[in-house]
Amino acid sequence: MTTLADIEVRLNNFPKDALALEAVTELLTMSEVVLEHWIFAKGGTPTEKQREGFRLLALHRQGAKGEPSFNACRETCRELVYHYNLVKLDPDHVDIQRRLKMALMIAKHLHLFVTGKMADAGLGDFCCSSRPLHAQTG
Amino acid sequence: MTGKYKEVAYYPGCALEGSGHAYDRSTKAVGKALGLKLKEVEDWNCCGAMEVKNVDPKLQTYLSSRVMSIAANEMGCDTVMAPCNGCYHNLKKAEFDLKNDDESKEVVSRISEKAGHETYEAGQIETIHALDWIKEAIGEEGLRERVKNSLDGLKVANYYGCMYTRPRHIFPEKDQGPDSESTSKPHFMDDILEAAGADNVDYPLKTACCGGAHTLSDSDTSTKLVLNLLQAADACGADVIATECPTCHSGLEMHQIRAETEFGVKTDVKILYFTQLLGMALGLKPRKVGVHENVSDSMEMLKKKGIA
């Protein structure tokens, strides 16, 4: 399994001349691995199922169970799926480079969000769907 | 004008008295320009923010309920408007808890009695955001009629942050069809600024995390998250990121500077409150909407675009 650090390096040095569909598929796959890391860190086994045709969305749903603040990356996952669909449906579109660039930035955001949450997990949640520390400690 | 929300209780919250003062100034200025009356909640208190909520969520529910109680029971208002996403979120959460959780009701009743004010009961007042206020009270057509200084040619990335739409269950009025706000792809700010003449860009990170929660514990993570938001806006061709939350706004401004000083990465996009942009479109001077109070200096860009 690729480490989060290796994924960061890959995202920061993502080839600009990659074929559109290959590139966006790799971004989707890397993002699935990012979510797998989150699920493993929480003691779970990443699902192989799909949701709305995408494993990424199933993994996000699994990762958010019991961790409502993880929903802060729900739309990020959905945007990546949307951009994947845009590229897949029309890889020769005149705007393809911008679409790929956006997909890369979305994937980067997901990576940053998840690694940030993993680093600070012991501090409790302070964001949109936060749960009180009391609830976590019983 | 629809007549709805013509006069509402105004709950600025702590940030709008400090780091978000330009938002307070521009919200009031826009209200005045549009003929909408704001009655500031008397003796308002902190909504409980993130800190109280994290330690004792019932206390946060009480603190938010007190604001709603004063607005409803002492001021006789049926609507309270909170421009800050954190305040808006917490008042909505308190409303939800008081409707659905008996323990919350009991705690709020007990503390309210001790504090000597009427206990707030779910349904007494409607909590809205500044976006709901303008969109519902004036509407896009009404705004178009009032625009004196179109934002035409200004490319805007609308950034809503995380608390305006999450968690979905505390916003039952959203996702109710095309005229209502969407929790997955919010559009009220886009609609308002488009009516003011702006050219909205398709910004895929409009509800993505800005790392606000990491600001003190792990500043580098916050800076990297914000930098990605800024670079994405630049890549979309945006001249400006429009904000509707003082915490997001401060985070974007401060980490834009930090990204340059710590990581050597400069981004060009400017950061302005949507009320500042709307105010200038309505013919108000930049100073009147507090552009000079922003950390992000946008005057040169605004002059170049013919807006200031």
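What share of all Cα pairs of chain B, in percent, falls into each consecutive 20 Å distance bin?
34, 57, 8
Helix B:85-100 versus the longest principal axis of chain B: what angle, 0 to 90°, nearest 10, using Cα atoms?
30
Over chain A, with a Gaussian network built from C-alpha contacts below 10 Å, which listed residue (A:86, A:100, A:110) shows the highest mean-square fluctuation?
A:86
Do the alpha carbons of any pairs in B:32/B:148; A:65/B:105; B:6/B:53; B:39/B:114 sit beyond 22 Å of each other, and which pairs?
Values: B:32/B:148 15 Å; A:65/B:105 27 Å; B:6/B:53 32 Å; B:39/B:114 26 Å.
Check vs 22 Å cut-off fails for A:65/B:105; B:6/B:53; B:39/B:114.
Would you kindly give the portion of the calculated P(r) for segment A:4-131 that falls above 27 Å, as a percent of all Cα pairs? Intermediate values should be presented prior to the final figure.
Values: 1456 of 8128 pairs.
In whole percent, the share of Cα-Cα pairs in segment A:4-131 beyond 27 Å is 18.
Can you list which of the GluC sites (Glu not before Pro) found in segment A:1-102 are DSSP loop residues with at most 11 other C-beta atoms within 10 Å? Before the final figure, lay out each step's value.
Working: sites: A:8, A:22, A:26, A:32, A:36, A:48, A:52, A:75, A:79; in loops: A:48, A:52.
Counting only loop positions with at most 11 other Cβ atoms within 10 Å, the GluC sites (Glu not before Pro) in segment A:1-102 are A:48, A:52.
Scanning chain A for trypsin sites (Lys or Arg not before Pro) in DSSP loops with at most 12 other Cβ atoms within 10 Å, what's the longest stretch left with none? Numbers along the way, then the final one.
Numbers: sites that count: A:16, A:49, A:65.
Formally, the longest exposed-site-free interval is A:66-138.
Counting other beta carbons within 10 Å of each Cβ, put A:4, A:56 in order, fewest first. Intermediate values should be presented prior to the final figure.
Numbers: A:4 17, A:56 23.
In increasing order of surrounding Cβ atoms, one gets A:4, A:56.
Starting from the 7 Å offset along Cα-to-Cβ, what nm value, one decimal, do you get for the label separation of residue A:93 and residue B:184?
1.7
How big is the Rg/Rh ratio for segment B:227-308, C-alpha atoms only, Rh by Kirkwood, two decimals?
0.96
For chain A, what does the helix formula give at 222 nm: sum of -39500 (n - 2.57) over DSSP H segments with n ≥ 4, over the residue count, nearest 500 deg cm²/dmol? Provide the component values of the computation, followed by the final result.
Values: 6 runs with 86 residues, N = 138.
Dividing the helical sum by the residues of chain A leaves -20000 deg cm²/dmol.
Excluding same-chain residues fewer than 8 positions from residue B:303, which aspartates and glutamates have a Cα within less than 14 Å of its Cα?
B:152, B:239
So how tilted is helix B:21-34 from the main axis of chain B? Cα-based, degrees 0 to 90, rounded to 10.
Approximately 90 degrees, to the nearest ten.
For the pairs B:4/B:93; B:174/B:206; B:37/B:270; A:49/A:108; B:185/B:270, flag any whose C-alpha to C-alpha distance is greater than 26 Å.
On the way: B:4/B:93 23 Å; B:174/B:206 17 Å; B:37/B:270 30 Å; A:49/A:108 24 Å; B:185/B:270 22 Å.
Long pairs (Cα-Cα over 26 Å): B:37/B:270.
For Cα pairs less than 8 Å apart in space and 6+ apart in sequence, what is the mean separation divided by the residue count of chain A, i.e. the relative contact order in percent?
Details: 125 pairs, mean separation 40.0, N = 138.
Contact order relative to length: 29 percent.
Build a GNM of chain B with springs between Cα atoms under 10 Å: which of B:55, B:295, B:269 gets the top mean-square fluctuation?
B:55
Mean Kyte-Doolittle of at least 0.0 plus a Cα span of 27 Å or more along the axis: flag which DSSP H helices in chain A meet both, please.
Details: long enough: A:20-41 (32 Å, 1.00); A:96-119 (34 Å, 0.44).
What comes out of the filter, once short or polar helices are dropped, is A:20-41, A:96-119.
Rounded to the nearest 500, what is chain B's calculated 222 nm mean residue ellipticity when only DSSP H runs of at least 4 contribute -39500 (n - 2.57) each, over all residues?
Working: 12 runs with 137 residues, N = 308.
-13500 deg cm²/dmol, from helical runs alone.
Just from the alpha-carbon atoms, what are the Rg and Dmax of segment B:7-129 in angstroms?
According to the Cα coordinates of segment B:7-129, Rg and Dmax are 13.9, 44 Å.
Taking the alpha-carbon distance from residue A:101 and a cut-off under 16 Å, which aspartates and glutamates remain once sequence neighbours fewer than 8 residues away in the same chain are dropped?
Within the straight-line cut-off, residue A:101 pairs with A:8, A:17, A:22, A:26, A:79, A:90, A:92, B:202, B:234.
Over all Cα pairs of the protein assembly as shown, how is the pair count split among 10 Å bins, expressed in % and running from 0 up to the last occupied bin?
Taking every Cα pair in the protein assembly as shown, the percentages come to 4, 21, 31, 26, 14, 3, 0.
Using alpha carbon centroids, what distance separates segment B:7-77 and segment B:215-293, in Å?
What the calculation gives is 23 Å, centre to centre.
No lab work stands behind these numbers, since they all come straight from the coordinates. Given the structure is predicted, the values throughout are model-derived calculations rather than measurements. Heads up, the Cβs are rebuilt from the backbone with ideal geometry, glycines too, and the neighbour counts pull from every protein chain shown.
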